[in-house]
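What follows draws every value from the coordinates through simple rules; no lab data is involved. All values derive from a computational prediction rather than experimental measurement. With ideal geometry, Cβ positions are generated from the backbone for all residues, glycine too; neighbour counts draw on all protein chains shown.
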Amino acid sequence: MSFVSFDRVSLAYDEGGPLAIEDVSLTVDANEFVAVVGPSGCGKSTLMKLVSGLSKPSQGVVYLSGEQVKGPQKSIGMAFQASNLLPWRTTLQNILLPLEIVQPYRSQMRRNRREFEEQARALLARVGLAGCEDKFPWELSGGMQQRASICRALIHKPRLLMLDEPFGALDAFTREELWCMLQDLWQESPFTVVLVTHDLREAVFLADTVYVMSKGPGRILVRKPIDLPRPRTLEDTYTDSFASQVHELREHIGRIRQT
């Protein structure tokens with residue numbers, strides 16, 4: 001059974017208004033890394049809202065782990081283009097935030113706080129932020145803030161990680177470093193990932209499968225498995241096999257823009 005499933009899903013944000021997405025069907029297997037690409041306004045972020053239960057479909061059904069999504073989901077981690085770290089909390093305090101909110105961790109926080117802090121410190125060390133636990137967001141670079149944001153999204157061990165353009169505001173070198181960091185985290189302890197991105201190189205580097213969406217109302221036009229061995233390195237991005245898969249996706253996007 002697929003871990004995430006869309007069964008002919010359409011959504012209009014306003015009753016009787018234009019559709020944001022139309023007749024979308026797709027599946028994501030457990031521990032699969034999926035990327036969704038397409039032109040601006042095609043409904044990529046709408047997919048995230050539907051999976052997380054922040055929006056309800058106008059038609060069709062969304063399933064998560066075999067159950068219909070009917071409201072906000074607690075078993076999902078989310079990270080966005082803006083890190084959204086709380087400026088009055090230290091890095092460690094920001095990472096611990098989901099454990100203060102999500103059950104069963106919330107009820108265990110007072111008793112197990114030291115254990116949770118150790119887990120957060122270990123995760124920060126894993127992404128190169130050891131020594132930054134007591135720094136505030138304004139003391140961190142943009143790339144460091146995004147590393148912390150991803151740690152916060154993973155600290156409660158979610159079954160699904162949803163990423164909405166998480167590296168879009170970063171410079172090219174930092175962005176590529178974080179591709180490798182995310183791939184390493186995912187391979188060491190696999191979890192299901194849905195990545196929304198405009199960067200076709202990013203999609204090919206990270207994903208097992210890439211879905212290409214049409215202009216709005218968004219529809220799934222292409223499902224492309226990425227046939228590249230893992231682990232992938234930045235050197236792989238200069239190979240012919242990598243470039244050909246990026247080029248194929250670019251051709252699909254180009255045809256969409258021409259229609």
Completion exercise
Computed over the chain, the relative contact order (Cα-Cα under 8 Å, seq sep at least six) in percent reads 26
Fill in the blank from the handout: Answer in debye to the nearest 20: the dipole magnitude of the range 78-158 about its Cα centre, from +1 Lys/Arg and -1 Asp/Glu charges placed on Cβ, is 220
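Ranking request for peptides 53-59, 142-148, 214-220: highest mean number of other beta-carbon atoms within 10 Å first, then the rest in descending order. Kindly include the intermediate steps, with their values, before the conclusion.
On the way: 53-59: 15.9, 142-148: 22.3, 214-220: 19.9.
Ranked from most to least packed, the peptides come out as 142-148, 214-220, 53-59.
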Exercise for the section: Quick one: compute the contact order of the range 174-259, relative version, from alpha carbon pairs under 8 angstrom and 6+ residues apart, as a percent. Expected result: 27
Completion exercise
The FRET efficiency for R126 and S2, from their Cβ-Cβ distance with R0 = 41 Å and rounded to 0.05, is 0.90
Completion exercise
Here, S189 and R111, labelled 7 Å along Cα→Cβ, have an inter-label distance in nm of 2.1
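With both partners inside the range 129-259, how many of the DSSP beta bridges are antiparallel, as a percent to the nearest 5? Provide the component values of the computation, followed by the final result.
Numbers: 5 of 10 bridges.
The answer is about 50 percent antiparallel.
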Practice task
For Cα extents along the principal axes in Å, several values are listed as (i) 54, 45, 34; (ii) 58, 40, 31; (iii) 80, 41, 38; flag the one computed from this structure.
Solution key: (i)
Exercise for the section: Considering only DSSP beta bridges where both residues belong to the chain, give the percentage that are antiparallel (nearest 5). Expected result: 50
Exercise for the section: Calculate the dipole size of the range 1-94 relative to its Cα centre from +1 charges on Lys and Arg beta carbons and -1 charges on Asp and Glu beta carbons; express the result in debye to the nearest 20. Expected result: 380
Problem - Dipole in debye (nearest 20) - the range 149-240, about Cα centre, beta carbon charges: Lys, Arg +1; Asp, Glu -1 - result: 580
Fill in the blank from the handout: Given backbone amide H placed at 1.01 Å from N, residues whose amide H is under 5 Å from that of V36, ignoring those fewer than 5 places away on the same chain, are L195, V196, T197, Y211
Completion exercise
Counting Lys and Arg as +1 and Asp and Glu as -1 over every other residue whose Cβ sits under 12 Å from the Cβ of E133, the net charge comes to -1
Fill in the blank from the handout: Sorting L160, T237, S75 by the position of each Cα along the dipole of the chain (Lys, Arg +1; Asp, Glu -1; all at Cβ), the one nearest the positive end of that ordering is S75
Problem - Between the range 152-227 and the range 39-101, the Cα center-to-center distance that results, in Å - result: 14
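Ignoring the sites themselves, what is the longest stretch of the chain with no chymotrypsin sites (Phe, Trp or Tyr not before Pro) in a DSSP loop and at most 14 other beta-carbon atoms within 10 Å?
On the way: sites that count: Y13, W88.
No qualifying site falls inside 89-259, the longest such stretch.
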Exercise for the section: Only Cα pairs under 8 Å and at least 6 apart count here; give the relative contact order of the range 78-158 as a rounded whole percent. Expected result: 51
Practice task
Relative to the longest principal axis of the C-alpha atoms of the chain, give the angle of the C-alpha long axis of helix 142-154, reported between 0 and 90° and rounded to the nearest 10°.
Solution key: 90
